[in-house]
Amino acid sequence: SSGINAEWPLRPGDSLRAIYGTDDQRNAVHGSDSQKGAEREIRFYFPDAIVEPISSGDQATDYLVKNVMPVLTNGFVELCKVKPEDPLSWIADWLMANNPNKPQVLEPTVA
């Protein structure tokens, strides 16, 4: 059993399955039951793809604390100072402008 038979047919707009699926077998989306299952399924459906292990636990936390949280914290502090009407668009623009990995383009020097 696919686990969704009880909910089919779905009302339009309820989910991606309801919007794009046609029945309980051709349901347009898939979610794996575990990280290991996801890696196995990705290798099956996309045999030429390079699948790197997904970080989890302390490794993922350390990465986020080191690389993501400092930038987000600065952005959220600025967001609270500005209090824009559309905070999600504002933070998206701020992140684009303040991306620490943004390539630097050097202007040519005139000799």
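The values are calculated or read from the model by the stated rules, or taken from the named source; none is laboratory data. As the structure is a computational prediction, the values presented were derived from the model and not from experiment. Cβ placement follows ideal geometry from the backbone for every residue including glycine, while neighbour counts extend to all protein chains displayed. Calculation scope for accessible area: heavy atoms of the full protein, side chains included, ligands and nucleic acids excluded. Shrake-Rupley method; radii C 1.70, N 1.55, O 1.52, S 1.80 Å.
Quick notes on this structure:
- Distance between the modelled labels on residue 16 and residue 51, one decimal in nanometres: 1.7 nm (7 Å Cα→Cβ projection).
- Stretchable slack from residue 25 to residue 63, in nm (0.36 nm times residue separation minus alpha-carbon distance): 9.9 nm
- Here the Gaussian network model covers the chain, with springs between Cα atoms less than 10 Å apart; of 58, 24, 33, 24 fluctuates the most.
- List 105, 68, ordered by accessible area with a 1.4 Å probe, largest first: 105, 68
- Average Cα contact separation per residue, the chain, under 8 Å, 6 or more apart, as relative contact order %: 10
- With the convex hull drawn over the C-alpha atoms of the chain, the volume per residue is 266 Å³.
- Counting protein heavy atoms only, region 17-111 has 58 percent of its accessible area on carbon and sulfur, 1.4 angstrom probe.
- Calculated accessible area for the chain comes out at 87 Å² per residue, all protein chains present (probe 1.4 Å; ligands, DNA, RNA ignored).
- GNM on the chain, alpha-carbon springs under 10 angstrom: the most fluctuating residue among 45, 20, 63 is 20.
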